[in-house]
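Visitor: Here it is: the structure, laid out below.
Rule-based calculations on the coordinates, nothing more; no lab input. For clarity, every value in this text was computed on a predicted model and none was experimentally measured. Using ideal geometry, Cβ is built from the backbone for each residue, glycine included, and neighbour counts are taken over all protein chains shown.
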Amino acid sequence: MKRFGLIGYPLEHSASPDLFRKMTERENLRDAEYRLFPIKEITELPRLVAETPDLSGFNVTSPYKQAILPYLTRTDTAAATIGAVNTVKVVRENGRTELHGYNTDYIGFAESLIEVLPHTPRHALIMGTGGASRAVTYALTMLHTTIATVSRTPGKGTFTYHELTEEIIRKHPLVVNATPLGMSPDTAGCPDFPFELLTPKHFLFDLIYNPEETEFLRQGRLHGAGTCNGLAMLRLQAEASYKIWGL
């Protein structure tokens, strides 16, 4: 039996096991299973890998997509450039265990965005500066979209929410929420975004998929913008992970 899984904390609301189950049923794979591994600290990872000898690969979610980097034997070019990893292949050979890191978030985001917006806007705002934001930035750069980030903390090349003017919003028709604000169970959470400045020319993409419509997307819809949640992105990045694992 080959075991795969997801590390992060908390994990109660993850859809990853269900996606994996549907894949194994579709492909008639009977020797693979997927488990949740909620670890409160990334320092628990080496023990988890050592005590789970049939662990062949795992996905990584918040808050460890960047914190896992020092624990990896190597990372592929995309993951190294992004500075975040969401997929790990466990390679056990000659008594050694190596962890190879990859990023499939950018693949899932790019492919799901193209599904809903075949003509990607030239300018986009990304809310958040963590690992998910880095993957979105990488994907949009590949799609020749110029990005600007938004954060509560001022920084070079980053707007604060209070600096978002009508001119800035008008220039950036694509707005991506790459923060955890609004994720279940805290569904009332929402970035402090000036929704009143949106128009029907805007499109809001939220990486969150639980709930199906976050407060961020609801506000966008009420102000006339197009919207999309992160469920398709989750499915597409998962499929890319399965290929890395050889499934």
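Visitor: Please compute the modelled spin-label separation between Glu163 and Ala50, points set 7 Å along Cα→Cβ, answer in nm with one decimal.
Guide: In this crude label model, Ala50 to Glu163 measures out at 4.6 nm.
Visitor: Something else: Can you give the FRET efficiency for Lys171 and Thr81, using 1/(1 + (r/R0)^6), R0 = 30 Å, r = Cβ-Cβ distance, to the nearest 0.05?
Guide: Efficiency computed from Cβ-Cβ geometry: 0.70.
Visitor: Exceeding 30 Å between C-alpha atoms, which entries from my cross-link table qualify? They are Lys201/Lys243; Lys40/Lys201; Lys89/Lys171; Lys65/Lys201; Lys22/Lys65; Lys2/Lys40.
Guide: Result: Lys201/Lys243; Lys40/Lys201; Lys89/Lys171; Lys65/Lys201 exceed 30 Å.
Visitor: Here is a further query. What does the convex hull of the Cα atoms come to per residue for the chain, in Å³? Please list the in-between numbers first.
Guide: Numbers: hull volume 31.1 nm³, N = 247.
Roughly 126 Å³ of hull volume per residue.
Visitor: Using the Kirkwood formula on the Cα atoms of the stretch 39-92, what hydrodynamic radius do you get, in angstrom to one decimal?
Guide: Working: mean 1/r = 0.0859 Å⁻¹.
Computed over Cα pairs of the stretch 39-92, the Kirkwood hydrodynamic radius comes out at 11.6 Å.
Visitor: In the stretch 2-103, what % of DSSP beta bridges are antiparallel (nearest 5)?
Guide: 40
Visitor: Just grab the label-to-label distance for Thr187 and Leu117, each label 7 Å out from Cα along the Cβ direction, in nm (one decimal).
Guide: Modelled inter-label distance: 2.6 nm.
Visitor: Sticking with this one: For the stretch 105-233, how big is the tail of P(r) above 20 Å, as a whole percent of Cα pairs? Don't skip to the end; give the middle numbers.
Guide: Numbers: 2954 of 8256 pairs.
The answer is 36 percent, as a whole percent.
Visitor: If each residue's Cβ is checked for other Cβ atoms within 10 Å, how do Met233, Met183 rank with the fewest at the top?
Guide: Least to most surrounded, the residues fall as Met183, Met233.
Visitor: What trypsin sites (Lys or Arg not before Pro) does the stretch 61-149 have in DSSP loop regions with at most 10 other beta carbons within 10 Å?
Guide: Working: sites: Lys65, Arg74, Lys89, Arg92, Arg96, Arg122, Arg134; in loops: Lys65, Arg122.
Listed in order of number, the matching sites amount to none.
Visitor: While we're here: When the helix-only estimate is applied to the chain (DSSP H runs of n ≥ 4, each -39,500 (n - 2.57), divided by the residue count), what is the mean residue ellipticity at 222 nm, nearest 500 deg cm²/dmol?
Guide: -9000 deg cm²/dmol
Visitor: For the stretch 188-247, what mean projected area does the convex hull of the alpha carbons give, in nm²?
Guide: 4.9
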